[in-house]
Structure formats: C-alpha cells, structure tokens
1. Take the residues of region 198-214 that are of a type outside the set (Gly, Ala, Ser) and part of a helix (DSSP H, G or I): which is most open to solvent (accessible area, probe 1.4 Å)?
2. Just one of Val54, Val26, Val70 is in a helix (DSSP H, G or I) and either crowded, with 20+ Cβ neighbours inside 10 Å or modelled with pLDDT of 95 or more (or both); which is it?
3. Among the residues of region 193-217, count how many are acidic (Asp, Glu) and at pLDDT below 95.
4. Give the residue, chosen from Leu138, Leu130, that is open to solvent by less than 20 Å² (accessible area, probe 1.4 Å), more than 17 Å from Ala13 (Cα to Cα) and assigned to a helix (DSSP H, G or I).
5. Test Val9 against the stated conditions and say whether it is surrounded by 18 or more Cβ atoms within 10 Å (Cβ to Cβ), among the β-branched types (Val, Ile, Thr) and under 16 Å from Ala197 (Cβ atoms).
6. Any chance region 37-49 includes a residue that's in contact (Cβ under 8 Å) with a residue 40 or more places away in the chain and either aliphatic (A, V, I, L, M) or part of a helix (DSSP H, G or I) (or both)?
7. Answer yes or no: is there a residue in region 164-187 that is under 27 Å from Val7 (Cα atoms), of a type in the set (A, V, I, L, M, F, W, C), modelled with pLDDT of 80 or more and assigned to a loop (DSSP other than H, G, I, E, B).
8. Mind checking whether some residue in region 136-144 is of a type in the set (Ser, Thr, Tyr) and more than 16 Å from the chain's Cα centre (by Cα)?
Amino acid sequence: MDLNKTVAVVTGANRGLGRHLAAGLVERGAKVYAAARNPESVDLPGVIPLRLDVTDAESITAAAQIASDVTLLVNNAGISTSAPLIGGDIDDIRREMDVNFYGPLAVTRAFAPVIENNDGGTILNVLSVLSWFHPAALGSYASSKAAAWAMTDAVREELAPRKISVSALHVAYMDTDMAAGVPAEQKIDPADVAAQALDGIESGLAEILADDTTRYVKGSLSSSNSE
C-alpha cells in the first residue's frame, strides 16, 4: 500500500501509539482523520480531528459518513483494566471486551463498505503479545485481545474478495500510559512500533511483530515444547 496516496482513520489518535501512528502517516504523505472520543484533545498538526467512540454505534456511523474517502482504517483504541477473570469486576471485563473486541469489529463493519467503495484498501488492528500469552493477572485483557486476533483472521478472509487486506500489529509493553507501571527497560518506544506498523502496511504484511518478546511468544506457539 502506498501511504502517500492513502486516506486514513486512526482510532484513539489523541495519545500513545495512536498519536504516533497518526503522526507517522502524516509524515509519509497520508491524509489522516485522527479519531477520538473527545476530538478537542487531538493536538497533532496536519490531521483532521474526528469524533469517534468505538462503543457508540451512532458515533461510529457518523464518523464513517464524514470520512467517506478512507482507504486505511487503524483500529488502535483500547483499554486495560488489569482485571482477572474470576476475581475481577465483571463490569470491567465487559468494558474491555466492548472496547477491545466489539469496538474494532463495529468500526470495521462501518468502514468496510467505505473502503470498498474507494476501490479497496487496508485495515490494521492493534493487538498484543497477549493475544497468544494469557497470564491470569491480565485475564480480561488477554481474552479480549485473543478474541480480537481471531476476529482479525476471520475478517481478513471475509474482506479479501472486496479488495480489503487486514493486518494485525502485535506488541508487548510500550512506553505509554497503559504500561505506566512496567519498568522502563521492559518497554519499547511507541514511535518505533508505529514506524514498524506503517512499514508493515506498506509491505502488505498480514502480521507485524514489533519486538523480541512478541516474536519469541509467537514462535513458541508452534514449538514442540509448548504446552
């Protein structure tokens, strides 16, 4: 995909990885709708702020009508409540599934016809190493990302005949608000992750593995020693 000729929507673009993805797209010549629940919080030069709440159907529909020229959708918005599945608050678990699974699915369903009408394009889903590795302490988040990975694979097959490719970005800890409690030496620069993601989109990769931890965990899935 030639990003210089791309029109992109990036959800959760007001901070963290989403902001770096939006900035990187602008640098590569793309027109960028920077989507956020509160578009007033978007302060990135060169983008078009767009109101979009991934848990609000009316908001999603309105955003798809405004951004009618889109050819690249980046499903980046996400949350982590650190809820375990048994001992955690069930409302937190539902909220993570709403934002991390149902949210990108709803946005994809709304924007797929738009991208198809613009002669095809790409969808990138921001996932996690926890799509494959499921620690009990982060059971809710891991479950939502595992579900989003399955959704990504199924939607890739469903949308291929409509000239829409679907990619997944997997990454471990980044230096963002979500991983504020993680030691600095374990975190990767989100600007580097964004650059890898955009390189992967340009190369047409189905999966983009952004760090050594993620590559190790993905590789262990097919290991004869894995359980």
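1. Checked region 198-214; the qualifying residue most open to solvent (accessible area, probe 1.4 Å) is Asp212.
2. Going through Val54, Val26, Val70 in turn, the sole match is Val26.
3. Qualifying residue count, region 193-217: 2.
4. Leu130
5. Yes: the conditions hold for Val9.
6. No, region 37-49 contains no residue that is in contact (Cβ under 8 Å) with a residue 40 or more places away in the chain and either aliphatic (A, V, I, L, M) or part of a helix (DSSP H, G or I) (or both).
7. yes
8. Within region 136-144 (the criterion being of a type in the set (Ser, Thr, Tyr) and more than 16 Å from the chain's Cα centre (by Cα)), the answer is yes, since at least one residue qualifies.
The values are calculated or read from the model by the stated rules, or taken from the named source; none is laboratory data. All of these numbers come straight from a predicted model, not from anything done at the bench. Note: ideal-geometry Cβ built from the backbone for every residue, glycine included; neighbour counts use all protein chains shown. These accessible areas exclude ligands, DNA and RNA; they are computed on the full protein's heavy atoms, side chains included. Shrake-Rupley method; radii C 1.70, N 1.55, O 1.52, S 1.80 Å.
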